[in-house]
Amino acid sequence: MAKDSKIYVAGHRGMVGSAVWRALEAKGYTNLIGKTSAELDLRNQQAVANFFEKEQPDVVINAAAKVGGILANNENPYPFLMENLQIQNNLIDTAHKTAVSKFVFLGSSCIYPKFAPQPLKEAYLLTDSLEPTNEWYAIAKIAGVKACEAIRKQYGKDFVSLMPTNLYGPFDNFDLKSSHVLPAMLRKFHEAKATNASVTLWGSGTPMREFLHVDDLAQAVVFAVENVLLEHLYNVGTGTDVTIKELAETIQSIVGHTGELVWDSSKPDGTPRKLMDSSKLEILGWKSTVGLKEGITNTYEWYLENVD
């Protein structure tokens, strides 16, 4: 990939998109394009078509999506399904119909069945039922994976899907009603620290989760841009997981909160375990490098600098 290739990063202001942008700039790519949602509504098919006709990107990275945690997914099933379908369908189809040479589609580990064997392999897709609390988002992302696979199969185009595990890092969403588990915990412990108030967390604390720093995902995206990947779907994770209780205690320690930690078992746990098998991508040469404690510390430092 030439350093002056025109690369469009959809969702470049979000946690993932901004990390991808930084990683591309660090590698010397000089022709990056980004549009805010106010400048370009990716749900609008004609607007997307007009943008592609004007800019004619060589590479498209789809880091744009409507995302959220269990609560947001559960309470807003229709927008999580429809808006994600609209965004990705417009990007994938328009990229296919124009001169885009490479398309990188980003999804989530929630595309895999709730009770799939661990660690999750790419081959487990569509082998059983999904986790009910986020199946709307998952179904949209599965449709995107299959669309890229279909284009690859029928037209031989370099469309590839990367499925990261649970992400966190700078520019994450820390809103308690719509955020994922790690940033929500970080904010709760930070706000309780001043008065040493107790912190109540959802569920039992026993489910196990894998967490990937967003900068590691960004390096995987750059790897996909710079190499021809022979398969259509690759997992992106660390290969290690922790219980939600262990995660909470780690964040509590980093933040410096010493109050009581309370588990509300009346709230849902979600999938019991979600560990990714990322060996397919690792064999090709990518591997995560940011440890969990290092990554949470880095994220908390960013949060403190931007909390206002």
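The values are calculated or read from the model by the stated rules, or taken from the named source; none is laboratory data. Note that the structure is predicted; figures quoted are calculated from it, not measured. Positions of Cβ are backbone-derived with ideal geometry, glycine not excepted, and every protein chain shown enters the neighbour counts. For the accessible areas, the whole protein counts, side chains as well, though only heavy atoms, and no ligand, DNA or RNA atoms are used. Shrake-Rupley method; radii C 1.70, N 1.55, O 1.52, S 1.80 Å.
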In whole Å, how far is the Cα centre of segment 135-171 from that of segment 247-308?
23
Quick one: if you stick a label point 7 Å off each Cα along the C-beta vector at Met1 and Glu305, how many nm between them?
2.5
Once the piece of chain linking Glu75 and Gln154 is laid out straight, how much longer is it, given 0.36 nm per residue of separation minus the C-alpha distance between them?
24.7 nm
When only Cα pairs under 8 Å and 6 or more residues apart are kept, what is the percent relative contact order across the chain?
20
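Which FRET efficiency value, to the nearest 0.05, is calculated for Glu55 and Lys27 with the Förster distance at 25 angstrom and r the Cβ-Cβ distance?
Working: r = 21 Å, r/R0 = 0.83.
The calculated FRET efficiency here is 0.75.
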Just to confirm, what accessible area per residue do you get for segment 173-282 at 1.4 Å probe, in whole Å²?
41
Report the rotationally averaged projected area of the chain based on its alpha-carbon convex hull, in square nanometres.
15.2
Compute the angle between helix 135-155 and the longest alpha-carbon principal axis of the chain, please, reported from 0 to 90 degrees and rounded to the nearest 10.
30
Could you tell me how many degrees, from 0 to 90 and to the nearest 10, lie between the Cα long axis of helix 77-97 and the main elongation axis, the longest principal axis, of the Cα atoms of the chain?
30
Simple SL model, points at 7 angstrom along Cα→Cβ for Thr243 and Ser279; separation in nm is 2.7
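Can you count the Lys pairs in segment 92-207 with C-alpha separation below 14 Å, eight or more apart or on different chains? Could you put the intermediate results ahead of the total?
Details: Lys97/Lys157; Lys102/Lys157; Lys146/Lys157; Lys177/Lys188.
Counting lysine pairs in segment 92-207 gives 4.
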If I compute solvent accessible area with a 1.4 Å probe over the protein chains, what percent of it on the chain is carbon and sulfur?
51
What angle do you read, to the nearest 10 degrees and between 0 and 90, between the alpha-carbon axis of helix 244-255 and the longest principal axis of the chain?
80
Rounded to the nearest 10 Å², the accessible area of Leu167 using a 1.4 Å probe with every protein chain kept is 30
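Keeping all protein chains in place and using 1.4 angstrom, which order do Glu25, Glu83, Glu122 fall into by accessible surface area, from largest down? It would help to have the intermediate numbers written out before the result.
Values: Glu25 105, Glu83 50, Glu122 25 Å².
Highest to lowest solvent-accessible surface, that is Glu25, Glu83, Glu122.
Mind checking the per residue accessible area of segment 59-167 for me, 1.4 Å probe, whole number of Å²? It would help to have the intermediate numbers written out before the result.
Numbers: 4240 Å² over 109 residues.
Spelled out: the 1.4 Å probe surface of segment 59-167, per residue, equals 39 Å².
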Between Glu231 and Phe115, the two model label points (7 Å from Cα along the beta-carbon direction) sit apart by a distance in nm of 2.5
Run the numbers for Ala123 and Gln45: contour at 0.36 nm per residue of separation, minus the present Cα-Cα distance, in nm.
24.9 nm
